[in-house]
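J.: Handing you this structure, nothing more for now.
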């Protein structure tokens, strides 16, 4: 039996949900695995981004922490939308994860560098490894959620 192809809106919505779930997985990975191993502190890159592009300036530490999490989880769905587009183009799951990681990670890096928030030329190998592994976990988790829970 032929399945009818879902609408673009349905694909994008499923992608956004998968991206949000991928962000949850990446955050859990960071808190439970990566950060205990690397002993690094929380990153406030999402809050830095929001403060640069929006007229928001949290007054207290807890407000900035809240802004950090809101921005972190608001940006996550873009990974899933990118995955959904890759699937719409009929890429296999491994190729879709690879393409999403390469595209979204490069865009994130370029945008934050252009905004003066990142200085990747100053990053150590450890900094690069942490950033790449965390974002690769996000891309893979997004793809897995899309495939296992949403692609029906």
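J.: Once you place label points 7 Å from the Cα toward the Cβ at residue 88 and residue 149, how far apart are they in nm?
T.: 2.2 nm
J.: Working out 0.36 nm times the residue gap between residue 124 and residue 59, then minus their Cα-Cα distance, what length gain in nm do you get to one decimal?
T.: In short, 20.2 nm is gained.
J.: Using only the alpha carbons, work out the radius of gyration and Dmax of the chain in angstrom.
T.: Computed over the Cα atoms of the chain, radius of gyration and Dmax are 16.4, 58 Å.
J.: A follow-up question, please. To the nearest 10 degrees, how steeply does helix 125-145 sit against the main Cα axis of the chain, on a 0 to 90 scale?
T.: Computed tilt is about 30 degrees.
J.: Now a separate question. Taking other Cβ within 10 Å of each residue's Cβ, how do 135, 87, 31 sort, fewest first?
T.: Fewest to most other Cβ atoms nearby, the residues stand as 31, 135, 87.
J.: Fewest to most neighbouring Cβ within 10 Å: what's the order for 62, 147?
T.: 62, 147
J.: A further question follows. Tilt of helix 77-88 relative to the longest C-alpha principal axis of the chain, in degrees (0 to 90, nearest 10)?
T.: 30 degrees
J.: Run the simple label-point estimate for residue 8 and residue 95 please: 7 Å along Cα→C-beta, distance reported in nm.
T.: 2.2 nm
J.: Before rounding to the nearest 500, sum -39500 (n - 2.57) across all DSSP H runs of length at least 4 in the chain and divide by the residue total; then give [θ] at 222 nm in deg cm²/dmol.
T.: -22500 deg cm²/dmol
J.: In nanometres, what is the gap between the two model label sites at residue 35 and residue 133, each 7 Å from Cα along Cα-to-Cβ?
T.: Modelled inter-label distance: 1.6 nm.
J.: Here is a follow-up. In degrees, nearest 10, range 0 to 90: what is the angle between the Cα axis of helix 61-75 and the longest Cα principal axis of the chain?
T.: 30 degrees
J.: Can you sort 73, 101 so the residue with the fewest Cβ neighbours within 10 Å comes first?
T.: Ranked by crowding around the Cβ, least crowded first: 73, 101.
Any read-out appearing in this document is the output of simple, stated calculations on the displayed coordinates, not a laboratory observation. What you see is a predicted model, and the numbers here were worked out from it, not measured in a lab. Cβ atoms come from the backbone with ideal geometry, glycine included; neighbour counts cover every protein chain shown.
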